[in-house]
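The values are calculated or read from the model by the stated rules, or taken from the named source; none is laboratory data. Just so we're clear, the structure is a prediction, and the values are computed from it rather than from any experiment. Neighbour counts are summed over all protein chains in view; Cβ atoms, including those assigned to glycine, are modelled from backbone coordinates with ideal geometry. Remember, those area values only see protein heavy atoms, side chains included, never the ligands or the DNA or RNA. Shrake-Rupley method; radii C 1.70, N 1.55, O 1.52, S 1.80 Å.
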Amino acid sequence: IRLKSNEPQRASVATYSISAKEWVDYAEGEYIGAVSISPDGSKLAYIGNEERGSTIHLYVLDLRTALRRVLPTPEFIGPLSWAPDGEQIVYENLHGIGQAAIDVIDFRTGKTRTLAVGTDPSWSPSGEWIAYLDQYRNRCNIVRPDGTGSRALVTLHRGKFNVRDGVFGLPPVWSPDSTKLLLDKEWGSNVPSSIMMLDMATQKLKKLLDGVSVLGWADTR
């Protein structure tokens, strides 16, 4: 998401090429709330609206044909994550006042289904699990794409003097082999965040580094 101007407010959907070291802008609107590139790199999904006061939609842009599809997502708020096959997207949807839920939309049918109550979903590269945060952002859970097998992986508890042991900030980030998760742990204002790594097999959490936020994980080439 690239901010183009403040008055009037305009933002664009863009990609950055690491090899070419350049930006490419694909779409523009008054508001862009989330962007996600498909696993095969052929499509961009994003939420936003085109003009001030217009309805916010979920858009899917085909980078090869430049054709754009508008998907029916009432109350959509994001973030979003692609299924490995590129046929579905999981996203955070608002169900009623203050009730965030994890929904999946199927491009072939246009139908949606609700998997769980929570925020910030992330689909594993293996396709087996969707990781997400609970509504208080102190627990990371997983659920299967069909809505079964939901369970908690790790919970941040209150510590000494009832002080909260941080909260999880951004959506969980899967390792390419789906065996680990990176979690952005926020401690509060004026304190650097910490990147925590969760091993799916042992369910042990360890700190990797402080002071940054993690957005993605890719194999080196």
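Candidates I37, I56, I18: the one that is closer than 19 Å to W123 by Cβ and open to solvent by 20 Å² or more (accessible area, probe 1.4 Å) is I37. Scanning segment 70-96 for residues that are open to solvent by 60 Å² or more (accessible area, probe 1.4 Å) and touching a residue at least 24 places away in the same chain (Cβ under 8 Å) yields P72, I77, D85.
For segment 60-103, the tally of residues that are part of a strand (DSSP E or B) and either at pLDDT 90 or above or farther than 25 Å from N6 by Cα (or both) stands at 21. The residue that is modelled with the highest pLDDT, among those in segment 153-175 that are open to solvent by 50 Å² or more (accessible area, probe 1.4 Å) and part of a loop (DSSP other than H, G, I, E, B), is L170. Scanning segment 1-31 for residues that are acidic (D, E), free of Cβ contacts under 8 Å to residues at least 12 places away in the same chain and assigned to a strand (DSSP E or B) gives a single hit, E22.
Please specify each residue of segment 21-34 satisfying the condition of being surrounded by 15 or more Cβ atoms within 10 Å (Cβ to Cβ), of a type in the set (A, V, I, L, M) and farther than 21 Å from N93 by Cα. Of everything in segment 21-34, just one residue is surrounded by 15 or more Cβ atoms within 10 Å (Cβ to Cβ), of a type in the set (A, V, I, L, M) and farther than 21 Å from N93 by Cα, namely A27.
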